[in-house]
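See structure below.
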Amino acid sequence: VTGVQTCALPIFNSLFQALYGLHLMWEGRYDDAIVQYRNALRTAPNLQTAFWGLWHASHAKRMYEEALAAAKAHFADDPEAEEALARGYAAGGYPETMRLTAETLAALSRTTHVQPTDIASLYAYAGNSDRALEWLEKAHEERDPVLVGLSVGQPARRPALSGFAAATGPAGQGGCEI
């Protein structure tokens, strides 16, 4: 079309890169996803979708230092979560960080909204599938929009997600297909 002028909107390009990163991550292409998240953060340094994805993709690659840095950025607007991330790492490394942050956010969820899928992920990454399953059920009850995007392909989440699929019933009847 002639005569039409376009302009580049960097935030939309960054958002597209981050969403493409999610697609790559769900395909199990974690290295490619990490590249997309980093590209998105170059032009939109506060893009939460990119931090969320970078946290999960880095965890899947067992790049725990980078996963922790991305988790800190993802939870940057929550001082209690930030403090738990710092205290947990000092007390016992990455798994303890995830456990302590999950417990902190679970307690905080009694007085304010906290994304149940974040808490479920934290418990899964701490190795506590039972607690992850409890929070996945809560996410299902609250209709947490992030729930539909959780990746079964991530080994740390697999036990909790399998239990969740069995607990919620068959796909198409209120359950989910895993």
- prompt: Quick one: length gained pulling E142 to D77 fully straight, 0.36 nm per residue minus the C-alpha distance?
  reply: 21.2 nm
message: Using C-alpha positions alone, give me the convex hull volume of region 69-110 per residue in cubic angstrom.
response: 54 Å³
query: Roughly how much of D130 is accessible, in Å² to the nearest 10, using a 1.4 Å probe?
result: 110 Å²
- prompt: region 35-94: percent of C-alpha pairs farther apart than 20 Å?
  reply: 23 percent
- line: Note, L41: beta-carbon cut-off 15 Å, +1 each Lys/Arg, -1 each Asp/Glu, net +2
statement: Two pseudo-spin positions, 7 Å from Cα along C-beta at D32 and at N46, lie apart in nanometres by 3.2 nm
- prompt: Mean 1/r over all different Cα pairs, inverted: what Kirkwood radius does region 1-129 give, in Å?
  reply: 15.4 Å
query: Along the three principal axes, how long is region 65-155 when you take its alpha carbons, biggest first, rounded to the nearest angstrom?
result: 34, 31, 21
message: Could you give each residue of region 138-146 its phi-based ³J(HN,Hα) in whole Hz, using Karplus coefficients 6.51, -1.76, 1.60 with θ = phi - 60°, and x for Gly or Pro?
response: 5, 4, 5, 4, 8, 6, 4, x, 6
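The values are calculated or read from the model by the stated rules, or taken from the named source; none is laboratory data. Computed from a predicted model, the values in this text were never measured in an experiment. Glycine gets a Cβ as well: all are built from the backbone with ideal geometry, and neighbour counts include every protein chain shown. All accessible areas refer to the heavy atoms of the entire protein, side chains included, with ligands and DNA or RNA removed. Shrake-Rupley method; radii C 1.70, N 1.55, O 1.52, S 1.80 Å.
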